[in-house]
Amino acid sequence: MRFLSFLRISLLLAVLAFSGLLLWGYARNHPEDMPWTELDLAQPVGAFTGRKLAGLSGETCRALLGRAGIRYTPLPPRNPDRQCGYENAVKFRPGGSLQIAFAPRDVGTTCPVAAALALWEWHVVQPAAVRHFGTQVAAIEHFGSYSCRRMYGRSQGAWSEHASANAIDIAGFRLENGTRISVLRDWEKEGARARFLRDVRDGGCKLFATVLSPDYNAAHRDHFHLDQADRGEMGWRACR
């Protein structure tokens, strides 16, 4: 009996050791899927990329943008001690590793939103455009980021993530061949445009803390709302 118990324990320890080696090997080759590794914008999107993006601090985030070849301008703080305002906002500059322009151009967001937009371009938007249309996206059309207001413009209640430039509303896309894809016009249609819009919405759910589309409610019938609401690195995520 003692020998059998010893054998069982030995087998269990061997299995645990082997499992540990497998996990170590996977973590070494796929750091993007591990919760304890540092975020690297050059790596593929992994299981914890979105949570790491939402938890970025200003200095760390800006360093990540720089290492990824993203050109940006830090924006000065705006009303940092009030309900509305921001401290950690940036604005993309032309050139560098980003190919997609924003229309209107003069838009600033918090750095975690900007970092997520970069990954969204590289890993979601451009691959989806090539897959569905055989060409790339030249510009993303938007309704803006910073807006000092409560959710849905109400006079009371929770403040919108827009009140801290921690969100952006995406209205549509313009392809390099001039084709325009609109959330308002094309979401309910059939065909490549509708499939593209659903693909970029679903892909955004891996990168942003909140993604809201026309499937959520009528208030979002003409845009995607993307934000990095602070719910902690392990917090719940909204995707609809």
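The values are calculated or read from the model by the stated rules, or taken from the named source; none is laboratory data. Please read these numbers as outputs of a predicted model, since none were measured by experiment. Note that we place each Cβ from the backbone using ideal geometry, even for glycine, and neighbour counts take in every protein chain shown. Just so you know, the surface numbers come from the protein's heavy atoms only, side chains and all, with ligands and any DNA or RNA stripped out. Shrake-Rupley method; radii C 1.70, N 1.55, O 1.52, S 1.80 Å.
A few remarks follow.
- Principal axis extents of the Cα atoms in the stretch 62-116, from largest to smallest and rounded to whole angstrom, are 35, 26, 17.
- The trypsin sites (Lys or Arg not before Pro) found in the stretch 84-192 that occupy coil by DSSP, while having at most 15 further C-beta atoms within 10 Å, are Arg105, Arg149, Arg154, Lys189.
- log10 of Debye I(q)/I(0), alpha-carbon scatterers only, for the stretch 55-178 at 0.16, 0.17, 0.19, 0.22 Å⁻¹: -0.80, -0.89, -1.05, -1.28
- Proximal lysines relative to Lys52, as straight alpha-carbon distance under 18 Å, when same-chain residues fewer than 8 apart are discounted: Lys206
- Order by protection proxy (mean Cβ within 10 Å, highest first), peptides 199-208, 67-76: 199-208, 67-76
- Rounded to the nearest 10 Å², the accessible area of Leu39 at probe 1.4 Å: 30
- Taken over the alpha carbons of the stretch 161-224 as equal point scatterers, the Debye sum produces base-10 log I(q)/I(0) values at 0.23, 0.25 Å⁻¹ of -1.03, -1.16.
- Solvent accessible area, Å² - Ile100, 1.4 Å probe, full protein context: 20
- Label point distance in nm, Arg131-Met34, each placed 7 Å from Cα along Cα→Cβ: 2.8
- The distance separating the Cα centre of the stretch 98-126 from that of the stretch 177-240 comes to 14 Å.
- Calculated log₁₀ intensity ratio I(q)/I(0) where the Debye formula runs over C-alpha points of the stretch 128-240, q = 0.10, 0.13, 0.15 Å⁻¹: -0.31, -0.51, -0.67
- Potential lengthening between Ala218 and Arg82 on full extension [0.36 nm per residue; Cα-Cα distance subtracted]: 45.9 nm
- Amide H contacts of Lys91 (H built 1.01 Å from N, in plane; Pro and chain starts excluded): Thr73, Leu75 sit under 5 Å, all sequence-distant by 5 or more or on other chains.
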